[in-house]
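So the structure is just underneath, and the comments pick up after that.
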Ligand SMILES: Cc1ncc(C[n+]2csc(CCOP(=O)(O)OP(=O)(O)O)c2C)c(N)n1
Ligand code: SF4
C-alpha cells in the first residue's frame, strides 16, 4: 500500500515487516523517531518484539550481539556519535558472524555539534567487517531493511544500511509499503546453525591463538566477498516478489559516457538532475550510484568505470590527511587496470552543507576542462 | 571452623558442570567459585564472560571446561549482553533458563558499571556475579576501584600507595532497588551454594558479590587462599549477608516491598583488620594510620549492617540465614 512516510518510519516499517524479535537502541538525533516508533509498535503489540531500552549505544550493540547469539532476529539503529560509541562491538558482531541489521542515519561527527548529513560516521566503520549499503530514497530504505536481513542471514555477516540525515530521515516521500504476506514469502524465519542452546552447549568467542585466528579472519574475508553473490541473489528474489530492482551499484546514462560521477546517498538524486542538464548540452556524462560499499564490488566498479576517460567521486565524508574515503577506494580499485581513467576525488557538503545540482554541474565542468585534477581532493564550495 | 549450614545433598546437581582443565593459577578462588556456583545453578544456565581472568581460565579454543552454553563478550558489556540473551530466551519461550554474567571487579566496579547500572535499573531478569579479586589480575595486577586501601598493585607501587577506600558496590547495587543482593565466598561453600540455588527462583536482577582470593595478586601462599578469605569475613572486612526486597505479606496474601537484611555468617572469633592484612604480602607498605582508618570504617560498616539486620526484626539465629525466597 502506498503511503507518504519519512525515512525513519520507513525503517520502522521494515523492521516490523521483518518480524524482528529483539530491538535495542538509544536515542540520538536524527535517528530518534525510529526508536520512538519501534517502542510504540512493541508496546501496542503491533510488533511482537522485546525492546531493550539501554543506557547507551555501546550497550545497544552489545544487547543485540547477545540476542543474536541466542538465535533470534535482532535490530538496532543509531547515528554519528552513537555509531562511533559502538565501534568496539561492531567489530565483535562481525567477528562473531551475527546477522544483525543496523540502520545508521548519516550525521556529522563532533566537535562542534552538527546534526546534519555527513557520511564520515559510517565510512569510518569500514574496517569493522560489516556489509554496508547506502540508500537514496525512503522506498530504498524500507526495502533495504528487509533485504538486509535476508542478506545478513545468508552471508552470516551483519548489515549496516545508511541514509542521509534529514534529507531522508525527516523528509516524507511516497513509499510502497509491502504486504506482510509478501515479506514472509521473501524472508523466512531465522534458523541459525549455531546458537546458545541448553541442549547443545557450545562456547562462543573465547580465547583463540595464532594457530586459528588468522584462518578465522580469512574465512570471514572470503565470506564477505561472497556476500556480493548472495546480495545479487537477494535482489533478484526481491525483484520477483516486489517488482523493484536493486543492484550493488546503479548506472545512470553511462552507456556512451566519457565522464562518470560516483556518488553515495542523496547527492545521487542531485547528480541525476545535473547529468540530465549536461546531457541536454550534449556533454557525455553519466552517474554510478554506489549502493554496496562493503564488500567492495571490485569487478562491477571496474566494469562500469574501467574504460572511460574520467571518473569523479564526490565524497560527503572526510578522512583528514587523505580526503574522501570513497574517492581513495575507487582509485585503489581502478589502479591495476591498464587503461584506467583519471580519477578526480572531490569532497563536498560536509556537515550538511547543501549540494545543489548547480554544484555538481560546476564540479563536472571543472573535470571537463582539466586533463588532470588540480587539487587532490578538490574541496568543492569551500568559503575562502 | 564455624559451621554454617549443611547442604541438603539431594539438592546438589549430580552432573559436574565444570570439567578439569582450568587454566587458573594454584589456589585461585575464581575457579573454585565457579564450580560451586554451577552446582547451585544447574544445567539450564547460560554463562556470559567479559574480559577477565575467566576468559583464560575456561580454556583455549576449541575447548571449554564449562558444560553449559558460554558466550564471551567485550569487557564492559557483561550485564547488557546478559540482558540481550535474556530477551532472546524469553522470545524463544525459555524463561526458566538462568542467564548469568560472571565478571571480575574491574568489569563490574569500573568499566562495566554503566551497563550494569542500566540492566539493574531496568530490573532485567539476569544474575550478575562479580568475583572480586580486588584488582585487574588478567592484565597483571593493576588497581581497580575495588582494590582496598594500602594494597600493592603494579599501578599502586611503593611510593604511590592506594589511599582511596574500596567502592561500596553492594550499596550501589541496592540503590537500584534490585530484588536480591548477596555476598558470598568460597570460604563458606554451603552458604554460597544455597545462594546460587535460590537465585533461580527470583525474577529480576540478582547481584552476588564474591570475595575471590588470588595468590599472585594478594601475594599469598596458594594453599592459604581459602583460609585467608575466611579471615576476611571473621575480621568483618567482607561480611557475608544478603538483602532481599520483597517479602510475603500474610495480610495481603501477596509479595510486598519489605527490605530485609540477613547476616548469614557471624564471626566466631575476634580478629582485627590488621591481623587479616598481615596474612598478605600486598599490604606490606600500609601505614599504621591507614590500618587504623580502615579498622574504623570496617567497624562502622559492620555496626550499620547489624543494625539493618536487627531493624528488620528478623535477625536469624541460624547463621545459615534466610532460605526463603
Ligand atoms: C575495552 C577494554 N579495555 C581493556 C581491556 C584489557 N583488559 C582485559 S581483562 C582486564 C582486567 C580485568 O580485570 P577484572 O575485571 O578485575 O578481572 P580479573 O582479571 O581480575 O579476573 C583488562 C584491563 C579489554 N579487554 N577491553
Ligand atoms: S591471577 Fe588470580 S584470579 Fe587470575 S587465575 Fe590466577 S589466581 Fe585466579
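Screening residue B:113 against (1) farther than 23 Å from residue B:193 by Cα; (2) touching a strand residue (DSSP E or B) at 6+ places or on another chain (Cβ under 8 Å); (3) more than 8 Å from chain A (Cβ to nearest Cβ) leaves a single unmet condition, (2).
Residue B:58 - would you say it is surrounded by 18 or more Cβ atoms within 10 Å (Cβ to Cβ), facing chain A (nearest Cβ under 9 Å) and within 16 Å of ligand 2 (Cβ to nearest atom)? Spelling it out, residue B:58 is indeed surrounded by 18 or more Cβ atoms within 10 Å (Cβ to Cβ), facing chain A (nearest Cβ under 9 Å) and within 16 Å of ligand 2 (Cβ to nearest atom). Restricting to the range B:70-93, name every residue that is more than 7 Å from chain A (Cβ to nearest Cβ) and over 12 Å from residue B:118 (Cβ atoms). If the condition is that a residue be more than 7 Å from chain A (Cβ to nearest Cβ) and over 12 Å from residue B:118 (Cβ atoms), then B:75, B:86, B:93 are the ones that fit.
State yes or no: is residue A:238 in contact (Cβ under 8 Å) with a residue 40 or more places away in the chain and buried (at least 24 other Cβ atoms within 10 Å of the Cβ)? Here the answer is no, as residue A:238 does not meet what is asked. In this structure, is residue A:1 modelled with pLDDT under 95 and over 19 Å from the mean Cα position of the chain (by Cα)? It is true that residue A:1 is modelled with pLDDT under 95 and over 19 Å from the mean Cα position of the chain (by Cα). Does residue B:273 satisfy the condition of being in contact with a strand residue (DSSP E or B) (Cβ under 8 Å, 6 or more places away or on another chain) and at pLDDT 95 or above? Answer is no for this residue.
Of B:46, B:80, all but one fail to be in contact (Cβ under 8 Å) with a residue 40 or more places away in the chain and either surrounded by 24 or more Cβ atoms within 10 Å (Cβ to Cβ) or more than 16 Å from ligand 2 (Cβ to nearest atom) (or both); the exception is B:46. Quick one: is residue A:160 closer than 28 Å to residue A:95 by Cα and without any contact (Cβ under 8 Å) to a residue 40 or more places away in the chain? Taking the combined requirement at face value, the residue does not satisfy it.
Residues considered: B:135, B:120, B:51. Of these, the only one that is away from ligand 1 (no atom under 16 Å from the Cβ), in contact (Cβ under 8 Å) with a residue 24 or more places away in the chain and more than 10 Å from chain A (Cβ to nearest Cβ) is B:120.
The values are calculated or read from the model by the stated rules, or taken from the named source; none is laboratory data. Quick caveat, the model's predicted, so the values are computed rather than measured. In this analysis, Cβ positions are derived from the backbone assuming ideal geometry, glycine residues included, and neighbour counts consider all displayed protein chains.
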